[in-house]
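S.K.: Below: one structure in structure tokens.
The values are calculated or read from the model by the stated rules, or taken from the named source; none is laboratory data. Just so we're clear, the structure is a prediction, and the values are computed from it rather than from any experiment. Using ideal geometry, Cβ is built from the backbone for each residue, glycine included, and neighbour counts are taken over all protein chains shown.
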Amino acid sequence: MRYFIILATMAMAGCVAEEPIDGRKAFIADCAGCHGADGTGNGPDARALATTPPDLTTISARNGGTFPRDQVMSTIDGLDRGVHFSNAMPEFGAGDMGDTIIVERDGLGTPVPERLLALTEYLEGIQQ
């Protein structure tokens, strides 16, 4: 299934379109400390954690070759953390994930925070 962004994020002053959030930069800022700059779970903060951060480059491989986009967004957001989840990961949805944009899937528009979408798309792009 393909997702389509159907609403551009607009700046408050003058309704000028803002620069889209760079998923890689957001990953480096929010995730690389534990998951490593390459997403393999070898970040500098990982050694201090009781649970080793997962290799985020193998999400698709662990899910039968399909990237579980909705599950990944729910995990980052904090809605669904699963049974084996470490409490060390912040609940990013509790903070500012940016403006909400509408993502269309199968004819339905779903509001998604822009930073959450950018991080998810970046993770999908680094799958092995």
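S.K.: Would you check if there is a residue in the stretch 70-86 being in contact with a His (Cβ under 6 Å, 6 or more places away or on another chain), more than 29 Å from GLU19 (Cα to Cα) and part of a loop (DSSP other than H, G, I, E, B)?
M.R.: no
S.K.: Which members of the stretch 85-128 meet the condition of being polar (S, T, N, Q), under 27 Å from GLY64 (Cα atoms) and modelled with pLDDT of 90 or more? It would help to see each step written out before you state the result.
M.R.: First, the residues of the stretch 85-128 that are polar (S, T, N, Q): 86-87, 100, 110, 120, 127-128.
Those still in the list that are under 27 Å from GLY64 (Cα atoms) too: 86-87, 110, 120, 127-128.
Matches in the stretch 85-128: THR110, THR120, GLN127, GLN128.
S.K.: For the list (1) at pLDDT 90 or above; (2) loosely packed, with under 14 Cβ neighbours inside 10 Å, I need the number of the one condition that MET10 fails.
M.R.: (1)
S.K.: Still on this structure, please answer the following. Is it the case that ASP96 is more than 11 Å from the chain's Cα centre (by Cα), at positive phi, exposed (fewer than 13 other Cβ atoms within 10 Å of the Cβ) and not aromatic (Phe, Trp, Tyr)?
M.R.: Working: more than 11 Å from the chain's Cα centre (by Cα): yes; at positive phi: no; exposed (fewer than 13 other Cβ atoms within 10 Å of the Cβ): yes; not aromatic (Phe, Trp, Tyr): yes.
No: the conditions fail for ASP96.
S.K.: Evaluate the stretch 46-60: report whether one residue or more is under 13 Å from the mean Cα position of the chain (by Cα), of a type in the set (A, V, I, L, M) and assigned to a loop (DSSP other than H, G, I, E, B).
M.R.: Looking for residues that are under 13 Å from the mean Cα position of the chain (by Cα), of a type in the set (A, V, I, L, M) and assigned to a loop (DSSP other than H, G, I, E, B), one finds at least one in the stretch 46-60, hence yes.
S.K.: Then there's this: What pairs come out if I take residues in the stretch 109-123 that are of a type in the set (D, E, K, R) and pair them with residues that are part of a strand (DSSP E or B) whose C-beta lies under 7 Å away, six or more apart or interchain?
M.R.: GLU114/ILE101
S.K.: Give the residue that is surrounded by the most Cβ atoms within 10 Å (Cβ to Cβ), with candidates limited to residues of the stretch 56-93 that are in contact (Cβ under 8 Å) with a residue 40 or more places away in the chain and aromatic (Phe, Trp, Tyr).
M.R.: If we take residues in the stretch 56-93 being in contact (Cβ under 8 Å) with a residue 40 or more places away in the chain and aromatic (Phe, Trp, Tyr), then PHE92 is surrounded by the most Cβ atoms within 10 Å (Cβ to Cβ).
S.K.: Still on this structure: Restricting to the stretch 46-68, name every residue that is modelled with pLDDT of 95 or more and closer than 20 Å to ARG24 by Cα.
M.R.: The answer is ASP55, LEU56, THR57, THR58, ILE59, SER60, PHE67, PRO68.
S.K.: If you check every pair at least six apart or on different chains, which have Cβ atoms under 6 Å apart with a residue in the stretch 17-38 that is at negative phi first and a residue that is surrounded by fewer than 13 Cβ atoms within 10 Å (Cβ to Cβ) and of a type outside the set (D, E, K, R) second?
M.R.: If the second residue must be surrounded by fewer than 13 Cβ atoms within 10 Å (Cβ to Cβ) and of a type outside the set (D, E, K, R), the pairs left are ALA17/ALA8; GLU18/ALA11.
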